[in-house]
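The values are calculated or read from the model by the stated rules, or taken from the named source; none is laboratory data. Not measured: the values here are computed from a predicted model. So basically every Cβ, Gly included, is an ideal-geometry build from the backbone, and we count neighbours across all protein chains shown. SASA here: full protein model, heavy atoms, side chains in, ligands and nucleic acids out. Shrake-Rupley method; radii C 1.70, N 1.55, O 1.52, S 1.80 Å.
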Amino acid sequence: MIEGLLPRPVATAEAFGDPAGEPVPFPGEEHLLPGAVPARRREFTTARACARRALGRLGVPPAPLPYDSSRAPVWPDGFVGSITHCTGYRAAAVARAADLAALGIDAEPHGPLDGTGVLSMVSSAEERAHLADLAAVRPDVHWDRALFSAKESVFKAWFPLTGRWLDFKEATVAFRPRTESFTARLHVEGPLVDGVRTTAFEGGFLVSGGLMLTATSVRRATLAGRGAENDPDPSRPRGPR
């Protein structure tokens, strides 16, 4: 499913469950989950397996994928990527750094945000008014969850480019329901990509199988004028809504 939200240079892999039995970490990753509960070990192991499958589609042989001090995955030299997991779904997306500067994906259960006041913590008054308008057009979508997920995807693309945290309210997300896409406009100075200042992140969303999926990618400035070949592939099926 996630592949339909990303441009052609990206390779993806996903899983809708974990293998039966005790999870077996890939050699070299055993130390990455000290004291983790079984559920956490399973999701980590399956998600990392998805990442290796995706990298394999770009010709990268299987290898451990550690994380850095911020607990973000460390990708092989010359590659960028993102991993996500939630109940019933694990996925990874990777690309050559020559094609994309960064990418981010996120998966969430498609339901309202949990907890009183969570929406006000992650959104502005402008965004909450936007979500109310969207609900009148597409009442089948939990737009508060879409907003949260879109900002998670944006952060995953932002952080490798900047090494800095991005607060939920430091970007304003606007959705386009007809095209199932969004723009996240930054309110802080964005990263330089090939000498060009990033002021916004473009992405897409998908509701399918009880999941809310979002993704964003940052194209290289040298590829920005190449048009459709860097846009999500319209021929890829997105599955039932």
### Task
Report, to the nearest whole %, how much of the accessible area of the chain belongs to carbon and sulfur atoms, 1.4 Å probe, protein only.
57 percent
### Message
Suppose all protein chains stay in the model; what accessible area per residue would a 1.4 Å probe give for region 85-134, in Å²?
### Response
40 Å²
### Summary
Over region 1-46, with neighbouring protein chains present, the accessible area per residue in Å² at probe 1.4 Å is 50 Å²
### Query
Based on the Cβ-Cβ distance from A63 to V24, what FRET efficiency comes out when R0 is 22 Å, to the nearest 0.05?
0.85
### Message
Ignoring everything except DSSP H segments at least 4 long, calculate the 222 nm mean residue ellipticity for the chain; use -39,500 (n - 2.57) per segment, divide by total residues, nearest 500.
### Response
-7500 deg cm²/dmol
### Summary
Ranking S69, S208 from most to least accessible area with a 1.4 Å probe gives S69, S208
### Message
Among A171, L134, G59, whose Cα projects farthest towards the positive end of the dipole of the chain, with charges put on the beta-carbon of Lys, Arg (+1) and Asp, Glu (-1)?
### Response
G59
## Note on the structure
When the chain is treated as a Gaussian network with springs between alpha carbons less than 10 Å apart, the largest mean-square fluctuation among A97, A146, A49 is found at A97
### Diffusion coefficient, µm² s⁻¹, Stokes-Einstein with Kirkwood Rh over alpha-carbon pairs of region 166-210 at 37 °C and 0.692 mPa s
276 µm²/s
### Query
How much accessible surface area, in Å² rounded to 10, belongs to the heavy atoms of D114 with a 1.4 Å probe?
120 Å²
### Message
For I2, what accessible surface area do you get with a 1.4 Å probe? Give it in Å², rounded to 10.
### Response
0 Å²
### In Å², nearest 10: area of R219 left accessible to a 1.4 Å probe
90 Å²
### Message
Roughly how far apart, in whole Å, are the Cα centres of region 1-55 and region 167-199?
### Response
28 Å
### Query
So who's got an amide H within less than 5 Å of the one on L6, skipping anything under 5 residues away but keeping other chains? H placed 1.01 Å off N, in plane.
D233
### Task
Work out the FRET efficiency for S208 and H31 from their Cβ-Cβ distance, taking R0 = 41 Å, and round it to the nearest 0.05.
0.70
### Task
Can you work out the accessible area per residue across region 145-211, with the rest of the protein chains kept in place, probe 1.4 Å, in square angstrom?
44 Å²
### Summary
Descending accessible area (1.4 Å probe), largest on the left, turns F26, F16 into F16, F26
## Note on the structure
With the 8 Å Cα cutoff and a minimum separation of six or more residues, the chain has a relative contact order in percent of 23 percent
## Note on the structure
Log10 I(q)/I(0) at q = 0.27 Å⁻¹ for region 106-185, from Debye over equal alpha-carbon scatterers, is -1.53
### Query
Rank Y67, Y89 by accessible area, highest first, at a 1.4 Å probe radius?
Y67, Y89
### Query
Relative to the Cα centre, what is the charge dipole magnitude of the chain, using +1 at the beta carbon of each Lys and Arg, -1 at the beta carbon of each Asp and Glu, and rounding to the nearest 20 debye?
340 debye
